[in-house]
Amino acid sequence: MKKMLFTLMAMVTMTISAQAMTFNEARREAFFLTDKMAYELNLSYSQYEAVYEINLDYLTALAVSDDIFGFYWERRNEDLSFVLSTYQYHTYMAREYFYRPVYWQSGFTFRIYTHYTDRRLFYFARPSHYATYNGGHSWRNNGNRSYYKGLTFERSKAIPNYVPRQRSDRSWNSMNRPTNVNQNINMNRNTNVNVNRNSNINNNRNSNINNNRNSNVNRNTNENRNRQTNMQRNTNTNRSNSGGSWRNGGRR
């Protein structure tokens, strides 16, 4: 009997472990979710840091499907009510992919990806304590009460923009850059192409203008030469006529 109970408990433990997220997975999902909340709710830097902590504490607490909308979810909402302004909180509740970010579909599934399909797209840099925060402000570590109640969150400091990490592997850089970075690169390439095209057009135009000018100069030179030749011919003709008249007069 004891052996059967032990086996059953082991199976339940294994099932829960298989369903629960690892800490690295929870941290990555919390960052993606917080980044989009900061973008749409216009969070300040201090709000951004606190919202990341709250999202991470919620995701690391999930073990089974019943946890998704249990008291961990209620604690998350209460924590956020102390961090967000009234307008921000109402906007947060109106957007289901923020308000109910997780649902169950053969495992924990994140609703945020139905709205933001590119998982490489980030707007802001990682929170300053991304690599070090591990639940220090959670309800569990604060006597089952909200750490954020009564705190003031300044609104003036902006969140640093996202800067993609560089790796030596060129294939990683080409495949894992955010979409907006690739778009900027393509825009720069197109700009360079347009500049080169415009440069070639200008060069051709200048060349045609110079050729036309040279042709006009040559034409003018030839016309002047023709005029001079005609003038010389007229002069010689006049001289010949005056000489003939003198000779005729002398004979008379």
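Among the residues of segment 27-36, is any open to solvent by less than 30 Å² (accessible area, probe 1.4 Å), under 23 Å from N141 (Cβ atoms) and in contact with a Lys or Arg (Cβ under 8 Å, 6 or more places away or on another chain)? Yes, there is a match, as at least one residue in segment 27-36 is open to solvent by less than 30 Å² (accessible area, probe 1.4 Å), under 23 Å from N141 (Cβ atoms) and in contact with a Lys or Arg (Cβ under 8 Å, 6 or more places away or on another chain).
Residues in segment 71-106 that are among the aromatic types (F, W, Y), open to solvent by less than 90 Å² (accessible area, probe 1.4 Å), without any contact (Cβ under 8 Å) to a residue 40 or more places away in the chain and more than 18 Å from D35 (Cβ to Cβ): Y72, W73, Y89, Y103. Filtering segment 58-70 to residues that are of a type outside the set (S, T, N, Q) and buried (at least 16 other Cβ atoms within 10 Å of the Cβ) leaves Y58, L59, A61, L62, D67, I68. In segment 129-136 there is at least one residue matching the filter, namely being free of Cβ contacts under 8 Å to residues at least 40 places away in the same chain, surrounded by fewer than 12 Cβ atoms within 10 Å (Cβ to Cβ), in a loop (DSSP other than H, G, I, E, B) and among the polar types (S, T, N, Q). Note on segment 62-111: enclosed helices (runs of 4 or more DSSP H) holding 1 or more residues that are among the aromatic types (F, W, Y), out of contact with any helix residue (DSSP H, G or I) (no Cβ under 6 Å at 6 or more places or on another chain) and within 19 Å of E154 (Cα to Cα) are 71-83, 86-94. Against the definition (in a loop (DSSP other than H, G, I, E, B) and modelled with pLDDT of 95 or more), how does L43 come out, yes or no? Yes; evaluated as a whole, the condition is true for this residue.
The values are calculated or read from the model by the stated rules, or taken from the named source; none is laboratory data. Computed from a prediction, not measured in an experiment: that's the story for all the values here. All Cβ positions, even for glycine, are placed from backbone atoms using ideal geometry, and neighbour counts span all protein chains on display. Keep in mind that these areas ignore ligands, DNA and RNA; they rest on the heavy atoms of the full protein, side chains included. Shrake-Rupley method; radii C 1.70, N 1.55, O 1.52, S 1.80 Å.
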